[in-house]
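Scroll down for the structure; my scribbles are underneath it.
The values are calculated or read from the model by the stated rules, or taken from the named source; none is laboratory data. Note that the structure is a prediction, hence the values are computed from the model and not measured. Virtual Cβ from ideal backbone geometry, glycine too; neighbours counted across all protein chains shown. We work out accessible area using only protein heavy atoms, side chains counted, and drop any ligands, DNA or RNA first. Shrake-Rupley method; radii C 1.70, N 1.55, O 1.52, S 1.80 Å.
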Amino acid sequence: MKIIRDEANGEAVRINMRKPYDMHQHLRRDAMLKLVAPMVARRFAGAVIMPNTVPPITTAEMAWRYQEEIAEAWDLNIGSFEPLMTLYLTDMLEPREVALRFAKRTAVGVKYYPRGLTTGSDSGVKDPASLWTKGTKPYEVLRALAEQNKVLLLHAADGLDTYGDELDPYEQEKHFIENTLPYIIDAHPTLKISVEHLSTKEGAEFVGKYGGKRLGCSLTAHHLMIDRRDVFRGGFHPHMHWWPIIQPQEHKEALRDLAREGPPFVWLGSDSAPHPIGKKETRCCIGGVLTAHAGIEFYTDVFEEIGILDKLEQFSSVNGPSFFGIEPSKEQITLVREEWKIEKPFFVAKLGTPLSKTEEVIPFRLGETVRWKLL
Ligand code: DOR
Ligand code: ZN
């Protein structure tokens, strides 16, 4: 990595680094895939593709077909791009889908969704105890995963407390970290586990303490950039609503501290999750927002803000792929210190039909300025 600084004031003005990997990306399908794939492929050498599509990716066969769809959706002139596929862990997922049919290098893991707790989680696991209870299908899937040295990706949230009462959304991750994760680790000591989009100080403490070759986490740019004050300033901002929910300031600070420490088991996972405006500005606002339009730039901005620009390459381009058993990219990207404005919404265009307002996609930070620009 090379950072060039202004001779007069010492400010960073240009960065050359290895092309990053996005370890958590919702590419979707059809028109949305066509919109998002080029944004991602321009910035990232590869990405771990989330399986909560409609319908969800629940067989190896579906994963390969989806991989082909993705390959058709980006312009090859942008450069090579490696979609790293995941399977959706359901109560019915057959262990053999992993044991026998998931051996490809670009099949990297299985994603756990707690049923009903996030967008696209209706097919998720009903009872988290099945992850550590012998004889259940999820338990056997995790054993097969460990044998293959592939990764369990966790949406780390519980819906119920130990008495069976419904948890407050701000407590869901903390409860999972303290009451569920330790059981999974104990039951599957050789399994590689990634806590996705870490959002709490309890999560940061746990991963900071026990992280290593078998346990790590991804951090999103938005959980590093904003806290609950931003979400409610002047009213509720639906385009800052995501799962896991944006926590109060002290949690953002704990995530920033973890990024500052810069351990090898902490990496970039954007969780870019686009939805048309019709699903955001409505009676029940769906969780998830597009960040792929500035997928590396947002991280660059916040890493500069918190004084760790020198750690950007390790975090973005090396730690994630290394944990997942993928060679970091040999390609380079260049970022320059040049402000640009996120000016317009995007459209998920259906060919041949007139654009309708409900097909607008409002990107994160619309109307605001980004400090760094990808060349
Ligand atoms: O806010 C979210 N949106 N969180 C998730 O876990 C899923 C994602 C989506 O698919 O829209
Ligand atoms: Zn996600």
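Taken along its principal axes, the alpha carbon cloud of the stretch 1-64 reaches lengths of 56, 22, 14 Å, longest axis first. The Kirkwood radius of the stretch 1-138, taken over pairs of alpha-carbon atoms, gives through the Stokes-Einstein law at 20 °C and 1.002 mPa s a diffusion coefficient of 127 µm² s⁻¹.
Once the Cα gyration tensor of the stretch 52-200 is diagonalised, what are the square roots of 5 times its eigenvalues, in whole Å and ordered largest first, as equivalent ellipsoid semi-axes? Intermediate results must be reported in sequence, preceding the final value.
Details: eigenvalues 149, 65, 38 Å².
Equivalent-ellipsoid dimensions as semi-axes: 27, 18, 14 Å.
Across the alpha-carbon atoms of the stretch 41-97, the computed radius of gyration and Dmax are 12.6, 41 angstrom. Treating only the Cα positions of the stretch 226-311 as identical point scatterers, give the base-10 log of I(q)/I(0) from the Debye formula at each q in 0.19, 0.22 Å⁻¹. Evaluating at q = 0.19, 0.22 Å⁻¹ gives log10 I(q)/I(0) of -0.99, -1.23.
Charge dipole (Cα centre; +1 on Lys/Arg Cβ, -1 on Asp/Glu Cβ; no other charges) of the stretch 1-146 amounts to roughly 300 debye.
Taking amide hydrogens as placed 1.01 Å from N in the peptide plane, the amide H of His24 sits under 5 Å from those of Val48, Ser270, Asp271, each at least 5 positions away in sequence or on another chain. Estimated from helices alone, the mean residue ellipticity of the chain at 222 nm is -8500 deg cm²/dmol (sum of -39500 (n - 2.57) over DSSP H runs with n ≥ 4, per residue).
Please state the shape class of the stretch 73-126: rounded when a/c is under 1.5, otherwise prolate if a/b exceeds b/c and oblate if not, all from the C-alpha gyration tensor.
Working: a/c = 3.96, a/b = 1.52, b/c = 2.60.
Verdict is oblate for the stretch 73-126.
Taking a straight Cα-Cα cut-off under 29 Å and skipping sequence neighbours fewer than 8 places away in the same chain, the lysines within cross-link reach of Lys134 are Lys104, Lys111, Lys126, Lys150, Lys174, Lys192, Lys209, Lys213. Dimensions of the stretch 296-375 based on its C-alpha atoms, expressed as ranges along the principal axes with the largest first, amount to 45, 30, 19 Å. Spread over its residues, the convex hull of the C-alpha atoms of the stretch 237-279 is 83 Å³ per residue.
Rounded to two decimals, the Cα radius of gyration of the chain over 2.2 N^0.38 Å is 0.94. Taking the Cα centre of the stretch 19-332 as origin and assigning +1 to Lys and Arg Cβ atoms and -1 to Asp and Glu Cβ atoms, the resulting dipole is close to 640 debye.
Its Cα gyration tensor gives the stretch 160-307 an equivalent ellipsoid; the semi-axes, largest first and in whole Å, are 25, 20, 14. DSSP finds beta bridges in the stretch 19-332, and of those with both partners inside it, around 5 percent are antiparallel.
About its Cα centre, the stretch 216-314 has a charge dipole of approximately 560 debye under the convention of +1 per Lys or Arg Cβ and -1 per Asp or Glu Cβ, with nothing else charged. Normalised by residue number, the volume inside the convex hull of the Cα atoms of the stretch 103-151 is 84 Å³ per residue. Ordering 360-372, 11-23 by mean Cβ neighbour count within 10 Å, with the highest value first, yields 11-23, 360-372.
Comparing His188, Asn149, Met62 along the charge dipole axis of the stretch 19-332, the residue lying farthest to the positive side is Met62, per the Cβ-charge model.
Would you be so kind as to identify which of Phe303, Phe324, Pro264 lies farthest towards the positive end of the dipole of the stretch 260-359, taking Lys and Arg as +1 and Asp and Glu as -1 on Cβ and the Cα centre as origin? It is Phe324. Note on the chain: with neighbouring protein chains present and a 1.4 Å probe, carbon and sulfur make up 51 percent of its accessible heavy-atom surface. Can you give the angle from 0 to 90° between the axis of helix 30-43 and the longest principal axis of the chain, with both taken from C-alpha atoms, to the nearest 10? That helix lies at roughly 60 degrees to the long axis.
If R0 is 30 Å, the Cβ-Cβ spacing of Asp122 and Leu100 corresponds to a FRET efficiency of close to 0.65.
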